[in-house]
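The structure under discussion appears below in the form of structure tokens.
The values are calculated or read from the model by the stated rules, or taken from the named source; none is laboratory data. Just so you know, these numbers come straight off a predicted model, no measurement behind them. Methodologically, a virtual Cβ is constructed for each residue, glycine included, from the backbone with ideal geometry; neighbour enumeration extends over all protein chains shown. Accessible surface areas use protein heavy atoms only, side chains included; no ligands, DNA or RNA. Shrake-Rupley method; radii C 1.70, N 1.55, O 1.52, S 1.80 Å.
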Amino acid sequence: MTKPVTGVLFDVDGTLIDSVYLHTTAWWQAFRQFGHDVPSARVHRAIGMGSDKILDHLLGPGHDPGDDDALRAAHASLYAAHWTALRRLPGARQLLETCAGRGLRNVLATSASKPELGALLRCLDADAVIDTVTSADDAGESKPAPDIVEVALRRAGLDPGEVVFVGDSVWDVQAAGQVSIPCIGLTSGGLCAAELLDHGAAAVYADPQDLLDNLDEALTTAFRVALTA
């Protein structure tokens, strides 16, 4: 990073919205419907990947893909039943408002589908301070591929050297790293700080409120890590 931070890219599920375990339950139930007994712990650790990646990751690249579309549709339907239960994570909207108040551009870079993203945005209720939004439909491949990050940068008119990424999964850290963007990790999606740091996160905080309370420290740390990378 060679310029001051001018933008922040945010993941949404597990980073701004408390939805990771709802996704876990929906995928677990969808797998059971099609005869796949995938432990929920494995499903949870895969959340953050898009539906184009998660089936191969959990069922193996050699699985019969004949039911893949139906499996994805089952997950989408099961997850949609939980939309009314979605809640913002502590400090999520305030973090976006504070970043905007500092002149930073808020960019949402998520692997959620457009219908899911609509529900997330309604829950977040922060459209006025969000500059750019991308979804899985905008990228060729989902995280951990960097496609969605690259699309978000291009649409926002930002350079990798002037942004940080905020996410809750190792897939976020990996996607950001492939574009040389420092990633600030949050444990609000259920992963521990050590795992996020081991995968390359520049710093880790508990949730959006914790990041907001330590925003200057977080941006400084991300700056320093990027400069020494």
| task | Select, from LEU59, LEU89, the only residue that is open to solvent by less than 20 Å² (accessible area, probe 1.4 Å) and either out of contact with any strand residue (DSSP E or B) (no Cβ under 6 Å at 6 or more places or on another chain) or not small (Gly, Ala, Ser) (or both). | result | LEU89
| field | Residue under evaluation GLY103, criteria (1) surrounded by fewer than 15 Cβ atoms within 10 Å (Cβ to Cβ); (2) in a helix (DSSP H, G or I), criterion not met | value | (2)
| request: Enumerate the helices (runs of 4 or more DSSP H) found wholly within the range 159-220, keeping only those where 3 or more residues are more than 22 Å from LEU86 (Cα to Cα). | output: 170-177, 193-198
| Which listed residue, of VAL149, VAL173, VAL163, VAL133, is touching a Leu at 6+ places or on another chain (Cβ under 7 Å), hydrophobic (A, V, I, L, M, F, W, C), closer than 17 Å to ILE47 by Cβ and touching a residue at least 24 places away in the same chain (Cβ under 8 Å) | VAL173
| Could you list, in sequence order, the residues of the range 45-63 that are touching a helix residue (DSSP H, G or I) at 6+ places or on another chain (Cβ under 6 Å) and either of a type in the set (Phe, Trp, Tyr) or in a helix (DSSP H, G or I) (or both)? | ALA46, SER51, ILE54, LEU55, HIS57, LEU58
| request: Could you grab me the full set of residues in the range 27-56 that are within 24 Å of LEU186 (Cα to Cα), surrounded by fewer than 16 Cβ atoms within 10 Å (Cβ to Cβ) and not charged (D, E, K, R)? | output: PRO39, SER40, ALA41
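A quick yes/no check of all residues on (1) among the aromatic types (Phe, Trp, Tyr); (2) part of a loop (DSSP other than H, G, I, E, B); (3) farther than 20 Å from SER111 by Cβ:
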{"residue": "PRO4", "(1), (2), (3)": "no, yes, yes"}
{"residue": "LEU9", "(1), (2), (3)": "no, no, no"}
{"residue": "THR15", "(1), (2), (3)": "no, yes, no"}
{"residue": "TYR21", "(1), (2), (3)": "yes, no, no"}
{"residue": "THR24", "(1), (2), (3)": "no, no, no"}
{"residue": "TRP28", "(1), (2), (3)": "yes, no, no"}
{"residue": "PHE31", "(1), (2), (3)": "yes, no, no"}
{"residue": "ASP37", "(1), (2), (3)": "no, yes, yes"}
{"residue": "VAL43", "(1), (2), (3)": "no, no, no"}
| note | So, first residue under 14 Å from ALA73 (Cα atoms) in the range 28-46, second residue part of a loop (DSSP other than H, G, I, E, B), Cβ within less than 9 Å, six or more apart or across chains; the pairs are TRP28/VAL38; TRP28/PRO39; ALA30/HIS36; PHE31/ASP37; PHE31/VAL38; ARG32/VAL38
| request: Please determine, by comparing only the residues of the range 119-146 that are assigned to a helix (DSSP H, G or I) and at pLDDT below 95, which one is most open to solvent (accessible area, probe 1.4 Å). | output: ASP137
